[in-house]
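The structure appears right after this line, and notes come after that.
The values are calculated or read from the model by the stated rules, or taken from the named source; none is laboratory data. Predicted model, so just to flag it, every value in this text is computed and none were measured. Neighbour counts run over all protein chains shown; Cβ positions are idealised from the backbone, glycine included.
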Amino acid sequence: MKILPLVLKNLLRKKTRSALTIASIVLPLFVICILGTLLRGLETDPSGGKGMYRLIVRHKVSITNWIPGAYDPKIRNVPGVTEAVRMQWFGGAYIDQSAKNQFQRFSVTDVDRLLRVYDEATIVEGSEADWVGDRTGLLVGRQLMRKYGWRLGQKVTFKGDIYPVTLELTIRAVFEAPDESGVYFHHKGIEEAVPYAKGQVGWYWLKTASVADTERVPRLIDAMFENSPEPTRTETEKQFQAMWVSMIGNVKAVVVGISTAIALVILLIAANTMAMAARERVTEIAVLRVLGFTKEKVLGLVLGESFALSMIGGGLGIGLFVLLLPGLREGIVNSPMASFAAGIRLFPEVLVLGFGMTFAVGLFAGLVPAIRSAQRPITEGLRQVA
């Protein structure tokens with residue numbers, strides 16, 4: 001007698017219970033895949049490898065402390081540095097301070113150098129010359145253009161909070177890049193409106209000649225300004241991004257903790273289902289043993305049911321995740337976390353994790369009931385007939 005037809009027949013015998021067990025696996029697996037993708041996305045370099053050649057020079061104490069713009073010539077003359085651009089976080093508000101209207105707003109001192117450092121960005125509308133040549137010019141990511149329905153030449157107003165100034169800027173160029181969630185404009189406009197802003201730099205964005213230089217240059221720059229009133233901390237672009245992520249807590253520990261808890265809940269639900277099913281079929285299994293079923297076949301039957309429930313639930317959960325992932329990414333793109341959306345994609349390792357967890361749930365949920373059913377004496381099962 002073949003086992004597979006029996007497995008399917010037993011699953012359909014208690015349709016409601018089977019459906020609820022499958023449903024209890026679908027949603028948790030979906031959530032685990034989402035969390036794994038978000039974590040993996042935060043750890044991914046969205047620049048396509050070009051970030052390996054870039055460094056960030058910021059204040060040693062905190063990113064909120066300014067460093068002098070006068071450091072520029074010294075930093076640019078460090079061996080291994082091919083280009084450097086001075087930048088500042090503007091903050092402020094567009095329309096209002098609501099979360100839906102939050103995006104990256106950067107003022108740039110050396111506008112003519114920006115795209116030599118940010119070289120994965122390509123101008124797709126307007127021109128770099130138009131943006132560089134207009135003191136009120138605005139360089140905008142393509143995704144933001146779509147989100148707000150902006151047009152080339154349109155005026156956009158930003159109200160500052162770090163700097164008490166309102167800027168009316170004109171869109172002069174649109175760029176395409178893995179991360180299209182930001183805007184860039186001339187720092188000179190802020191300096192003219194707020195005199196104390198002159199010469200202030202939030203950080204230097206550097207490009208190096210080689211990966212080896214990204215290891216050597218930080219030591220040279222930090223040693224150069226070690227005894228200055230404003231000492232520096234130079235780190236790779238990846239380290240700089242990790243610093244921002246760490247501000248919202250230990251994301252990795254949270255994701256691992258939640259995923260572990262979800263996995264245990266799935267395991268308990270599936271194990272309870274299989275234990276109930278095995279107890280209800282003690283007599284049936286005893287009859288099968290009388291008809292010639294070996295202990296191994298009984299073991300395979302119960303485990304097969306457990307694997308079937310787990311794989312159906314896991315497959316549906318992972319399938320739902322794959323189906324809804326583009327929508328998730330689009331949702332992040334239109335949120336204050338838009339800069340992290342560039343790293344969100346379908347990672348094979350997340351799928352392997354999902355299927356691996358599905359397999360583990362099927363195995364461990366059915367193993368104990370399967371062993372007990374196989375080892376239970378035939379007479380014990382037949383005794384319940386009477």
Can you tell me which residue among Val255, Val251, Val217 is of a type in the set (Val, Ile, Thr) and at pLDDT 75 or above? Val217
Would you mention how many residues in the stretch 286-314 are farther than 21 Å from Ile378 by Cβ and surrounded by 23 or more Cβ atoms within 10 Å (Cβ to Cβ)? 5
Breaking point among (1) touching an Asp or Glu at 6+ places or on another chain (Cβ under 8 Å); (2) buried (at least 19 other Cβ atoms within 10 Å of the Cβ), for Val124: (2)
Yes or no: the stretch 101-120 includes at least one residue that is in contact with a Lys or Arg (Cβ under 7 Å, 6 or more places away or on another chain), among the basic types (Lys, Arg) and surrounded by 20 or more Cβ atoms within 10 Å (Cβ to Cβ). no
Considering the stretch 359-376 alone, what residues qualify as being among the β-branched types (Val, Ile, Thr) and over 30 Å from the mean Cα position of the chain (by Cα)? Val368, Ile371
Single condition Leu324 does not satisfy, out of (1) at pLDDT 85 or above; (2) under 13 Å from Phe359 (Cα atoms): (2)
Enumerate the pairs (first residue in the stretch 55-79 and at negative phi; second residue anywhere and assigned to a helix (DSSP H, G or I) and of a type outside the set (Val, Ile, Thr)) with beta-carbon separation below 6 Å, excluding pairs fewer than 6 apart on the same chain, so at least 6 apart or on different chains. Ile56/Phe240; Val78/Leu220
Could you grab me the full set of residues in the stretch 127-185 that are over 14 Å from Arg105 (Cβ atoms), under 29 Å from the mean Cα position of the chain (by Cα) and in a strand (DSSP E or B)? Ala173, Val174, Phe175, Glu176
Of the residues that make up the stretch 339-354, is at least one surrounded by fewer than 18 Cβ atoms within 10 Å (Cβ to Cβ), at pLDDT below 80 and out of contact with any Pro (no Cβ under 6 Å at 6 or more places or on another chain)? yes
By residue number, the members of the stretch 56-92 that are among the aliphatic types (A, V, I, L, M) and closer than 16 Å to Pro231 by Cβ are Ile56, Val57, Val61, Ile63, Ile67, Ala70, Ile75, Val78
Select from the stretch 94-145 the residues that are aliphatic (A, V, I, L, M), out of contact with any helix residue (DSSP H, G or I) (no Cβ under 8 Å at 6 or more places or on another chain) and touching a residue at least 24 places away in the same chain (Cβ under 8 Å) and write down the one among them that is farthest from Asp72 (Cα to Cα). Ala99
Does Pro68 fit the bill of being under 22 Å from Arg105 (Cα atoms) and at pLDDT 75 or above? yes
Kindly indicate which of Tyr163, Tyr204 is more than 19 Å from Arg116 (Cβ to Cβ) and among the aromatic types (Phe, Trp, Tyr). Tyr163
List every residue pair whose Cβ atoms lie under 9 Å apart, where the two residues are 6 or more positions apart in sequence or sit on different chains, the first residue falls within the stretch 209-228 and is outside any helix (DSSP H, G or I), and the second residue, located anywhere, is surrounded by 14 or more Cβ atoms within 10 Å (Cβ to Cβ) and polar (S, T, N, Q). Ala209/Thr82; Phe225/Thr232; Glu226/Thr232
Val7 versus (1) more than 30 Å from Gly315 (Cα to Cα); (2) in a helix (DSSP H, G or I); (3) in contact with an Asp or Glu (Cβ under 9 Å, 6 or more places away or on another chain): which is the lone unmet condition? (1)
Subset of the stretch 276-291, residues under 26 Å from Thr358 (Cβ atoms) and either in a helix (DSSP H, G or I) or outside the structural domain of Ala23 (by TED's automatic domain parsing) (or both), comes to Met276, Ala277, Ala278, Arg279, Glu280, Ile285
So which of Ile190, Ile162 is farther than 22 Å from Lys147 by Cβ and either in contact with a Ser or Thr (Cβ under 7 Å, 6 or more places away or on another chain) or modelled with pLDDT of 95 or more (or both)? Ile190
